[in-house]
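Here the structure is laid out as structure tokens; the discussion comes afterwards.
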Amino acid sequence: MLLQMGEKLFIVFNEDGYTYGNCILVDDDIRVVIDSGAGRELAKVQPENVDMLINTHHHYDHVRGNKLFTRAQILLHPVERISIKSLEKVMAIDGWKELMHQDLYNQERMEEGVDPDAVTEQWRVDGEINDGQVIDCGSTKFVVLHTPGHSKGHCAFYFPDEDLAFLGDICLTRVGPWYGEAHTDLNEFIASIDRIIELNPAAVVTSHVNQVFHNPRAALNEYRDRILKREQRILQQLRETPQTIDQLVAKHLIYRQHPSLPVVFWEKSMLRNHLERMVKLGLVKELEEGVFKAI
Ligand SMILES: [Zn+2]
């Protein structure tokens with residue numbers, strides 16, 4: 001579904017579910033699209049007639065339609081430009097072997113409806129976007145906001161005339177936030193959410209909820225605080241007894257359910273990132289390799 005938010009600004013709501021995502025269309029003198037994961041709805045932006053495609057970040061549900069933009073200049077943040085060349089990073093399973101103690105379970109990926117051809121192609125990238133950059137489409141202008149945390153080069157976008165921000169995977173879903181990349185700095189994710197709260201846009205849209213959030217301050221605050229609530233649950237566990245990541249994952253401290261192996265992997269990866277933060281803060285100590293205890 002296309003939802004008009006300004007004279008030339010549209011949201012493309014994905015109707016294909018998980019592994020797809022919402023996009024933005026600026027139908028101006030320069031036709032710009034942000035992200036390409038809207039599945040069947042993407043046809044409505046006429047990808048072949050788009051001048052510029054910007055990806056919020058490198059994950060598959062945001063770049064999966066990139067190859068349809070045959071004429072467009074494709075732009076990403078410099079960090080994402082490197083990540084998009086890695087199949088494991090595109091699929092958000094980088095570091096699988098180490099945490100899962102097994103090789104990649106390919107069947108699992110295919111079950112998620114991933115087109116194997118699409119993930120083995122060499123993704124084309126033509127240029128970069130950077131924090132503070134203004135994209136001028138004619139009458140519509142918008143600003144690039146580098147918002148690291150979900151991924152290191154993740155970007156959000158602010159449309160001043162509409163007072164609207166597109167937040168990508170600062171997703172505001174019930175299961176978020178996700179920070180399962182190896183060695184993600186959680187302080188960066190918190191700072192990125194705080195930056196949006198300070199920007200105080202009248203409305204925000206994300207990649208994975210099919211609604212416009214008006215006056216989103218409370219929703220953003222609650223979303224950010226989930227990171228610290230998860231951390232408190234981990235700390236409570238480690239006060240009771242020293243534990244490994246493999247023991248902690250069985251406690252479901254982040255995801256109540258583990259319906260697939262990738263979710264188990266993401267919980268482990270996020271646990272590791274929490275532990276790294278808590279070790280730095282002096283809240284947790286690694287007793288011996290891989291065994292953590294609250295101080
Ligand atoms: Zn993502």
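Listed values, structure above:
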| item | result |
| --- | --- |
| Principal axis dimensions, the stretch 127-240 - Cα atoms, whole angstrom, descending | 60, 31, 23 |
| Cα-only Debye scattering, the stretch 1-115: base-10 log of I(q)/I(0) at q = 0.13, 0.15, 0.17, 0.20 Å⁻¹ | -0.53, -0.67, -0.82, -1.05 |
| Summed side-chain charge close to N215 - residues other than N215 whose Cβ falls under 14 Å, Lys, Arg +1, Asp, Glu -1 | -1 |
| Neighbour net charge for D27 - beta-carbon separation under 12 angstrom, K R +1, D E -1 | -1 |
| DSSP-defined beta bridges in the chain - what % are antiparallel, rounded to 5 | 70 percent |
| Approximate spin-label separation E128-I30, in nm, with each point projected 7 Å along Cα-to-Cβ | 1.8 nm |
| Reciprocal of mean inverse Cα separation for the stretch 229-294 (Kirkwood radius, Å) | 11.7 Å |
| Low-density loop positions, chymotrypsin sites (Phe, Trp or Tyr not before Pro), the stretch 115-208 - DSSP coil, at most 11 other Cβ in 10 Å | none |
| Fully extended contour minus Cα-Cα distance, from A219 to T241, at 0.36 nm per residue | 4.5 nm |
| Highest-MSF residue in the chain out of V63, V32, V209 [GNM, Cα springs under 10 Å] | V209 |
| Two-site FRET efficiency, L281 against L87, from Cβ-Cβ distance with R₀ of 22 Å, rounded to 0.05 | 0.05 |
| Cleavage-rule hits (trypsin sites (Lys or Arg not before Pro)) in the stretch 240-279: DSSP loop, at most 16 neighbouring Cβ within 10 angstrom | K251, R256 |
| Mean separation of Cα contacts under 8 Å, 6 or more apart, over the residue count of the chain: relative contact order % | 13 percent |
| Charged-residue dipole, Cβ positions (Lys, Arg, Asp, Glu), the chain about Cα centre, Debye nearest 20 | 860 debye |
| Cα-based Rg of the stretch 2-222 normalised by 2.2 N^0.38 Å, two decimals | 0.96 |
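FYI, it's all coordinate maths here, none of it is from the lab. Computed from a predicted structure; not experimentally measured. Counting neighbours? That spans all protein chains shown, and the Cβs are built from the backbone with ideal geometry, glycine included.
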